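Notes follow once the structure below has been shown.
The values are calculated or read from the model by the stated rules, or taken from the named source; none is laboratory data. Since we're looking at a predicted model, the values are computed, not measured. We place every Cβ from the backbone using ideal geometry, glycine too, and count neighbours over all the protein chains shown. Quick note on the areas: whole protein, heavy atoms, side chains included, nothing else; ligands and nucleic acids left out. Shrake-Rupley method; radii C 1.70, N 1.55, O 1.52, S 1.80 Å.
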Amino acid sequence: PTSRLHIPKNEREYRQSPDKAIWRTTRELKMDAYNALNIYRLVPLSEVPKESRVMGSLWVHGTKPDPKRPGSLMPTGRWCVKGTQMEHEIYESYFDCMMSVTLNIMYCLYAAYSKYLKGAVADIDNFFQSTRTDTKAAAEEKLPRLFCQQPPDFEKYGPNGEKLVAEILVALQGRIDAGRISGQRLYKLIMAIDGIRQSDW
């Protein structure tokens, strides 16, 4: 059962996990999805600009509801940038978000007046990974390039054995500016819908 699944907290625990085969399969499936979305390109370390820092990266493991079996959980993995060393002066992180108290007020209003109000919830699959940072729009925003170590367990080397790093081409999880980049793109799409306006709250 998934409830008994050992969930590794780091790479060392992953290598020693009694459920390593399950997590390896989870990683492979996620990498297939990442490759389909073309979320990064490999660049020789020697070609990384001197002013750019190469960030670390890691796999985060966990569980989520299984859509094929209601009430059950399935293992999941996610590759993330270690964004703790990303400089706020270079990678702007601030994005105007809804306060939790505002969301609670909306819940209360909907519960009390559900007969008169309509509500909708959207969950966008691969939201961050689908937000490109290598497009013309991103160039106009002057987004800085971001480099990090390759996904653990999936490292590749250059033709002469040279070390390669990943240049991130999307708002990947772990980036301190991921929420701002994705949120601003989504905001523009939503505000383009006729009849939509931003709440004063």
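Please tell me if Ser3 is within 30 Å of Ser199 (Cβ to Cβ), among the hydroxyl-bearing types (Ser, Thr, Tyr) and at pLDDT below 95. When the stated conditions are applied, Ser3 does not pass them. Cys80 meets the stated requirement of being hydrophobic (A, V, I, L, M, F, W, C) and within 17 Å of the chain's Cα centre (by Cα). Scanning the stretch 122-154 for residues that are among the polar types (S, T, N, Q) and either under 17 Å from the mean Cα position of the chain (by Cα) or on the phi > 0 side of the Ramachandran plot (or both) turns up Asn126, Gln129, Ser130, Thr131, Thr133, Gln149, Gln150. Quick one: count up the residues across the stretch 157-182 that are in contact with a strand residue (DSSP E or B) (Cβ under 8 Å, 6 or more places away or on another chain), among the small types (Gly, Ala, Ser) and outside any loop (DSSP other than H, G, I, E, B). The number of residues fulfilling the criteria is 1.
Scan the stretch 167-187 and give yes if some residue there is over 19 Å from the mean Cα position of the chain (by Cα) and free of Cβ contacts under 8 Å to residues at least 40 places away in the same chain, otherwise no. No; the residues of the stretch 167-187 include none that is over 19 Å from the mean Cα position of the chain (by Cα) and free of Cβ contacts under 8 Å to residues at least 40 places away in the same chain. Within the stretch 43-60, restricting attention to residues that are in a strand (DSSP E or B) and open to solvent by 20 Å² or more (accessible area, probe 1.4 Å), the residue that is farthest from Thr76 (Cα to Cα) is Pro44. One residue alone among Ser93, Ser72 is open to solvent by 30 Å² or more (accessible area, probe 1.4 Å) and either touching a His at 6+ places or on another chain (Cβ under 8 Å) or within 29 Å of Lys163 (Cβ to Cβ) (or both), and that residue is Ser93. In the stretch 35-58, the residues that are more than 19 Å from Gly83 (Cα to Cα) form Cβ pairs under 9 Å with partners that are among the polar types (S, T, N, Q), at six or more places apart or across chains, as follows: Leu37/Asn126; Leu37/Gln129; Leu37/Ser130.
Would you point out which residue out of Gly119, Gly195 is at positive phi and without any contact (Cβ under 8 Å) to a residue 40 or more places away in the chain?
Gly195
Could you please let me know if Ala120 is open to solvent by less than 60 Å² (accessible area, probe 1.4 Å) and either part of a strand (DSSP E or B) or among the small types (Gly, Ala, Ser) (or both)? No: the conditions fail for Ala120. Summed over the stretch 75-90, residues that are loosely packed, with under 13 Cβ neighbours inside 10 Å and part of a loop (DSSP other than H, G, I, E, B) total 3.
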